[in-house]
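The numbers here are math on the coordinates, done by the rules we state, and not lab data. Quick caveat, the model's predicted, so the values are computed rather than measured. Cβ coordinates were reconstructed from backbone atoms using ideal geometry, including for glycine residues, and neighbour counts include every protein chain displayed.
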Amino acid sequence: MSEEQDAADVGRVLAGDVEAFAGIVRRWQRALVTLAFRFCRDRHKAEEMAQTAFLKAFRSLEQWRGEGAFSSWLFALATNVYRSEMRQRRLFMLPLDAARDVIDSCSAASCSAEVERQELVRHAVSTLPGKYRDALVLFYFHRMDVGQTAKSLGLAEGTVKARLHRGRALLRRKLGSRLDLSGRGSGEHE
């Protein structure tokens, strides 16, 4: 996804060509729906939340100054919209059966253990306090580095590192010995 395309489309929208916003939506729709799904675990609600985020982004485009990546600004805005929506809906516990992602084709036997592991981790993440959950979702599920995560959340990098560390510790305590959590997170992206 091109930052140049985003900047050009933002400029066109601010100049009065509102149709240019469609390019931004096309490039970022999937990512914002996926991010919303990480918050609410319901596809329909995720699509509604993403639509709300796009509407807020459209109304707030003049606030993006072009100093940082448009994607960081958009993810920060969307994250704030989703947090607000979740506070209003008070959805803190999420059903495990809604946590399945589309899985590459593989045999049931070889995938079942991984699917179970993913469900356990995602459910455990969804039950964490928001400040830890948000950092973990952006860092792990959206594969942002610490800097991108910090910009998206409007926090200092040190704060994000601390929240990732504390969030992982909470997950280890929640999941106990049921999972090997020694994978990503031991500093390779931090």
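Which lysines does K161 reach when only Cα atoms under 29 Å apart count, and residues fewer than 8 places away in its own chain are ignored? Within reach: K56, K131, K151, K174.
When the Cα atoms of the range 112-161 are enclosed in a convex hull and the volume is divided per residue, what value in Å³ results?
Numbers: hull volume 3.2 nm³, N = 50.
Value for the range 112-161: 65 Å³ per residue.
Go through 14-27, 66-79, 133-146 and give me the packing order, highest mean Cβ count within 10 Å leading. Numbers along the way, then the final one.
Values: 14-27: 13.5, 66-79: 18.8, 133-146: 20.6.
Going from most to least packed, we get 133-146, 66-79, 14-27.
Per residue, the convex hull around the alpha carbon atoms of the range 1-92 comes to 86 Å³.
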